Structure formats: C-alpha cells, structure tokens
Amino acid sequence: MIRIEEICDKVRRNHPQADLNLLRRAYLFSAREHRGQKRASGESYLVHPLEVANILADMRLDAVSVSTGLLHDVVEDTLADASTIREYFGEEVAHLVEGLTKIAHISKLSREEQQAENVRKMLLAMVDDVRVVLVKLADRLHNMRTLEFLSLDKRRRIAQETMDIYAPIAHRLGMGKLRGELEDLAFKNLHPEDYRELTAQLEKRRAANEAFLNDITATIAEKMREADVPFTRIEGRVKRLYSIWKKLGAQEIDIDQVYDLIAARVITPNEIRHCYGALGVIHNAWKPVPGRFKDWIATPRDNLYQSLHTSVIGSKGQPFEVQIRTEQMHLIAEEGVAAHWKYKEGKRGPRDDDEALKVLRSLVEWTQEVKDSREFIDALKLDLYPKDVYAFTPMGKVIQLPRGATPVDFAYMIHSEVGNTCTGARVNGRMVPLRTMIQNGDVVEIVRSSNGHPSRDWLNFVVTSRARNRVRHWVADQQRTESIEIGRKLLEKEAGRFQLSIKKMLSDSNGDLKRISNEYGYGRTDDLLAAIGYGKIVPRNVLAKYLGPEKFEALDKQKESRLRTGVRAVKRLITGDDAIVVRGVEDLMVNRARCCNPLHGEQIIGYITRGKGVAVHTARCKNVKQLMVNPERIVAVEWASKPEKTAYAVKLLAVTENRTGMIAGITGAISDMKTGIRDARASVGPDQKGRIEVTVEVFDVKHLDKVMSSVKNVSGVLDVERLQGTA
Ligand code: MN
C-alpha cells in the first residue's frame, strides 16, 4: 500500500507552500471512516482512496484536490456527512466532495438512462469546479486498474460506462494519456478475446518494432542535427491497443497495414517554426505517403490538440507515422486540463468562440497571465452547458430541464398525468414550494394525490412549454366543463318553465338541440351548452328555436298566467331573485348568497358559480375577496329599479338589560312598523345581559334600517345588530 508520506512528498515537490497537514488529516479521517471496509480484492478499502490521491499527486494537482481524493468515497460509502467534511476540512474540500457525491448518482442510472451523450453533458453540467472531474477520473482509473476482482457482469458494465462516458470526458478535457489508459482497460474487459489476440500479435512483433523504432528515432535525431533544427527529444510509440482494434474493425485490414501502428514523436522547443522545420527534415529523409499529412497546428482539433502528423515509407518499405509538436503542445496533448498544474512557460493559444472550449482555452491562455491556481479554477468554471439542468427521480432516472425549471416542469417531463396530479415536491428529501428552482443534481420527488389538479397559478412560474401547455389545456378544459354544466342547468331551469325535460332534449344526439347548435355555429351540443354557461347565449332563445315560434309563444303566455295565479313551483324559481338584473345577460339563474343575504338597495356583485347560476353577494361580504381570484366569473349585477314587494328574512340580535318584558317591547316596536316577525327567541348571556334574536321580514335595506333604529329605541335595549345568514 502506498504510504501517505510518499503522497505528501509528491505534493510538496510540486507545491512547496501546500498544506500537508490537510492531507494528513484527510488521510486519518478517511482511514477511520473506512475502517473495516474491504475492497473486492480483499484489501483494506483505504487502498483505494490512497491510490486515487496518488494518481492526483502524480498529475501534480494541489493539496485540496489530493485531499478530496482521500475523502471522495467518505460521504457516499460511510456514515460521515457533508457537514462534517465542511467542519473538518473547510469549504473548498467540502465543495469538491459534494460535487463527487452528486455525480455518484450517475452510476446508479439504469442502462437506458445511460445515453452516453446525455450523461457526459449532465456530468459536466453538474460540476462547477474542474477538479471534481479530475478526481472522478482518477477514481475511475484506479477502479479500472483493479477491475479483475469483480464479477464478469460488473466488469462489463463498468468498462462500458468507462468507454461511453469517462474516456470521452477525458478526451474532451484534452487528457490524452488518461483517456488512452481508460480505453485500453475498458477494451480489455469488453472484448477479452480480441484483446488477448491483439496483445499476442503485438508481442510477436515487439522486438522487431522496438528495433525499428530505435532505428528511426536515431535517424531522425541525426537528420535534425544535420539540418540544424532544434528538438528537445524524440520518442517512439506503438499505437495503443484499443486504437489499433478500432482501426482493424473499421477498415477490415491486417495489423501490418495500419499506417500509424508505429510512430515517432518529435518534440521541439516552444516555437512553431521548429515543427515545420522538423517536417521538412522528415519529408527529405523519407518518402511521404500521399494524403497522410495533417496540420493540427494550423487547425487545432476541437480539444485543442495540436501536432503535425505525417506518414512516410521506411527504408525497407515499412510505413510509419511521425508526430511533431512543441513541448507545450505535447503537454496539452497528454494532460489536457491537468497540464495547468505543470505549466511553466508558453504562449497565448488560439482564440475560438466555441463556448464548450472555454476550459482548454483558459488553460492555454493561462500560460502567460494567470499565476494563481485559484484564478485558473475560477476561469474554468465548468459551465459548458449553461442552458441545461439535470435532475434525478428518486429511482435515478435523469430528467433534463432548462435552467430555472421547477418541480412542476419536472413532473410534466415525467408524464402529463404526474403533472396533473402533482400537489407538492420533495427536493433532496425536503418538502419545497412548487415554484422552487431545480438545481443540477437535485433528486426530485413529486408528491401526488388523486384529487390533485393543476392550478392557474403555476403558469406564473413554469418554464417548459410542455408544462405551460398542459396547465393551460387543463384550465381551459376545466372552464369548459364548468360552463357546460352551468349551461345545462340554466337550460334545464328554463326548459322547466316550459314543461320540457332537459334529459329528453339531450337524449337524441342528432335531434333538435344538435340542429340548433349548428345554427349557432357550433359542432356539438356541448358547445352550445358551454356557450349558454359562458352567458353568450340566452336559454330562452334556444327554447324558442326548439319549440318553434308558435308553440313557444303559446307556452310563454301560459307560463305568465301560471305565474300570476301563483303556481307555487314556478313562483319559487323567480320570486325575489327576479328583482336582480345581471348586466349584459338576461335570464340567468340568480341566487342570493346565504353568507351575506343581500337586501334590496345594498351594493352587490354577482359570481357565476359552478352549476348554481349567479350567486349575488353584498360587496362587503367577507367571501368576496376570495371570489376575486377568478375575476372572469364576476358579473355586474344590480337591483331592478322597481323594488318588488317581496320580503326577505333577516335575523337581528338585540342585546338588552336583563329584565322582563323585553321580548314584548321589541316585537311590539317591530309590529308597529308593520313588519312581519317570523321568529323571536330570548336567552341570557354569560354577561347577564339579555339576548333576543328576532327574524324579521323586510323589503329592502332602508326598511331594515328603520326597523333596527326603532328596536334600538325600545327602553332597555343596549345594542342591535344584523346577523349573517338567514333565519
Ligand atoms: Mn472511489
């Protein structure tokens, strides 16, 4: 097992100012927390964080990153929590460990979820500090190196994930060396047969290849010196296994036909002209293969890889590749982002407007200006996908959302039914308001209820068009359902007056009502009912069409005569309420609201209820405020100019001195006003005062005022008030 002091030495060598105590404390904490845990290899678990830290130290990362390597599995795999890490190791380490814990969810995704492109984006979007990715890659590298202890199934799954997600991320970050090792290890576990065979083939050629490489590197060095082109070193390399395998598969060729199986690498001082100088030397010495020259210096690859590539034919007819680049280009090709921690000198790199390249561009730009790591990391804020947020369901399914999305957007993203029945949400286990903005990596659980339904209010905060459309649709649907219901009731009332049955009218789907709907320009009877409910069409007119003018006329007269003769059933429908006019709409069913029981002359407003026509409230009624939430249902109403002589029951409470004769005195006073009394009862309150409730019949508010003041004048009456509600 590698010792912590070895790691400390490496860190100190690269960062003389590093806080080594942080490392030692992280080591002790990790050792304590992981105590008793074993790896699949049977070794103590601690080996893993130590090796990860060592890989990071070899990358020359700072003490904070290496400490994070020591602690990276602590929150996920032990009882220690993030706040403990914060308390012991400070904000910076805690932030990195949290980032790692967040992206640990990615391994829990189901296979369908592991759509590589999404996961890579998600991973990078979730991380705001590039060091989190570096620690994650080091973690993955060590796991890949020790994969053989796992079951075949797990090996294959982890290797596939490495191939699909981590190797491409390493590639994107320009980390060629790490990517190469990850790919070869993944290849070994995914295609063990091919791997063995290819290894054997290369092994057979190894001695010959080495001799050949030695030969060409020596020759290149010689020619370079002769031509007086400076170089710092010349290396030889055999193409990596996975790259060869890919090439063989894609082109169906033999291993000896791979042009770049063998390559020499010429590294020059940091001046581009030396690269082109070297190219001239190579092309002079050997015959170039047409079409194989690539100038990645003039046009860098999208991960800022820069190099000249050419293939030439060796003296014995064997082709080989030559790669030419400066030290700086070489460092970036091998280490990518991680090269930052190694950089000593260099030049300003190329400009490129592609947002996704920010990371590497900053790296290249750093070379001259940024001396401070903190600045570099800030410049690297990995906001590669600033428009997206990735969140998880409790089952680990990934939901991709635009920035600013809320749990309601999330719910509709899962399924419209989930959105429609959503009543609340938990984010990372905590109940939150539905308008909460979801953050990258949040685990969102939607709380649902079968009674739940969307709210118009949601339109104020949802950001996805999907959620917006669904909510709008629901609201419109709901209004329509209500309107149909109201329309049906209104038509039913009116039909009743003409002794028609609405059921019968509606039963024949192709009958007269359908015809009338069409006359009004509606396709369906429901549309007609909705129009009645909205108040666009007067039911009486529908009935006129339904009955035809003559029959309607006749029945209408009968209706009035029945009214005059006081047929009770009909009278009940229209008494009192006919004294209220709903402005703009004639003949809507009107009810005086029970909560405030308005009297003629009082200020009133109307509210279109669900299926009960228009409820009329006094303007001062305490329920009105709540009704204003649906302003579209408020209608203007007013009292008919000529008050009808219809009496309304109003309950009064008189508080009196506690003595006999009070009921008689009060009822006498009311009778004197020629006002009917429906009920009167007396009691004595806990305060020893008399309480007399009288229900009186009054015509309007003026009348009531008079009654109340005459009651107040009765000797012994202390106070009179009107009670809410009817008798
Ligand atoms: Mn790990």
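What follows draws every value from the coordinates through simple rules; no lab data is involved. All values reported here derive from a predicted model rather than from experimental measurement. So basically every Cβ, Gly included, is an ideal-geometry build from the backbone, and we count neighbours across all protein chains shown.
First measure r as the distance between the Cβ atoms of Arg32 and Val629, then evaluate 1/(1 + (r/R0)^6) with R0 = 45 Å and state the FRET efficiency to the nearest 0.05.
On the way: r = 58 Å, r/R0 = 1.28.
My answer for the efficiency is 0.20.
Is any residue of the range 58-78 close enough, with backbone N under 19 Å, to a label point placed 7 angstrom from the Cα of Arg25 along the Cα-Cβ axis, and if so, which?
Zone members listed by number: 62-75.
Compute the FRET efficiency between Gln688 and Leu723 as 1/(1 + (r/R0)^6), taking r as their Cβ-Cβ distance and R0 = 30 Å, and round to the nearest 0.05.
Details: r = 21 Å, r/R0 = 0.70.
Approximately 0.90, to the nearest 0.05.
I need the calculated FRET efficiency for the pair Ala221 and Phe149, taking r as the beta carbon distance and R₀ as 56 Å, to the nearest 0.05. Present the calculation step by step, with values, prior to reporting the outcome.
Values: r = 44 Å, r/R0 = 0.78.
After rounding to 0.05, the efficiency reads 0.80.
How large is log10 of I(q)/I(0) for the range 473-558 at q = 0.15, 0.16, 0.18, 0.25 Å⁻¹ when the intensity is taken from the Debye formula with one equal scatterer per alpha-carbon?
Result of the Debye calculation: -0.51, -0.58, -0.72, -1.30.
Classify the range 167-236 as rounded, prolate or oblate, taking a ≥ b ≥ c as the square roots of the eigenvalues of its Cα gyration tensor: rounded when a/c is under 1.5, otherwise prolate if a/b is larger than b/c and oblate if not. Spell out each step's value before the answer.
Details: a/c = 6.10, a/b = 1.53, b/c = 4.00.
Oblate shape, in that a/c is at least 1.5 and b/c is the bigger or equal ratio.
Report D for the range 126-252 in µm² per second (integer): Stokes-Einstein, Kirkwood Rh on Cα pairs, 10 °C, 1.306 mPa s.
Estimated via Stokes-Einstein, D reaches 94 µm²/s.
Mind sorting Val635, Val629 by how few other Cβ atoms lie within 10 Å of their own Cβ, fewest first?
On the way: Val635 18, Val629 9.
Least crowded to most crowded, the residues run Val629, Val635.
Could you tell me whether the range 392-439 comes out rounded, prolate or oblate from its Cα gyration tensor? Rule is a ≥ b ≥ c as square roots of the eigenvalues, rounded for a/c under 1.5, then prolate if a/b exceeds b/c, otherwise oblate. Before the final figure, lay out the partial values.
Numbers: a/c = 1.16, a/b = 1.05, b/c = 1.11.
It is rounded, given that a/c, with a ≥ b ≥ c, falls under 1.5.
Gain in length, Thr481 to Asp228, computed as 0.36 nm per residue apart minus the alpha-carbon separation, to one decimal in nm?
Numbers: separation 253, 0.36 × 253 = 91.08 nm, distance 8.90 nm.
Full-extension gain reported as 82.2 nm.
Could you please rank Lys689, Lys622, Lys674, placing first whichever residue has the fewest other Cβ atoms within 10 Å of its Cβ?
Details: Lys689 14, Lys622 11, Lys674 7.
Placing the least packed residue first, the sequence is Lys674, Lys622, Lys689.
What are the ³J(HN,Hα) values, in whole Hz, obtained from phi via the Karplus relation 6.51 cos²θ - 1.76 cosθ + 1.60 with θ = phi - 60°, for each residue of the range 137-154 in sequence order, with x given for Gly and Pro?
5, 5, 4, 5, 4, 5, 4, 5, 5, 10, 6, 5, 7, 9, 5, 4, 4, 5
When the chain is fully extended, how far beyond the present Cα-Cα distance does Phe293 get from Ile253, taking 0.36 nm per residue of separation? Could you put the intermediate results ahead of the total?
Numbers: separation 40, 0.36 × 40 = 14.40 nm, distance 2.08 nm.
Net length gain for the segment: 12.3 nm.
How far apart, in nm, are two points set 7 Å out from the Cα along the Cα-to-Cβ line at Glu203 and at Ser465?
5.9 nm
Which value, in debye to the nearest 20, describes the size of the charge dipole of the range 648-723 about its Cα centre when Lys and Arg Cβ atoms bear +1, Asp and Glu Cβ atoms bear -1, and nothing else is charged?
Rounded to the nearest 20 debye, it is 60 debye.
Test of the criteria: in the range 269-346, which trypsin sites (Lys or Arg not before Pro) are in a DSSP loop and have at most 16 other Cβ atoms within 10 angstrom of their Cβ?
Arg292, Arg301, Lys316, Lys342, Lys344
Using a basic spin-label model with each label point 7 Å from the Cα along Cα→Cβ, how many nm lie between Glu553 and Asp672?
Modelled inter-label distance: 5.7 nm.
List the residues, sorted by chain then number, that are 5 or more residues from Ile580 or on another chain and whose placed amide H is less than 5 Å from its amide H.
Long-range HN contacts for Ile580: Ala640.
Could you list Ser307, Ser710 so that the one with the fewest beta carbons within 10 Å of its beta carbon is first and the one with the most is last?
Working: Ser307 22, Ser710 18.
Arranged by neighbour count, lowest to highest, Ser307, Ser710 become Ser710, Ser307.
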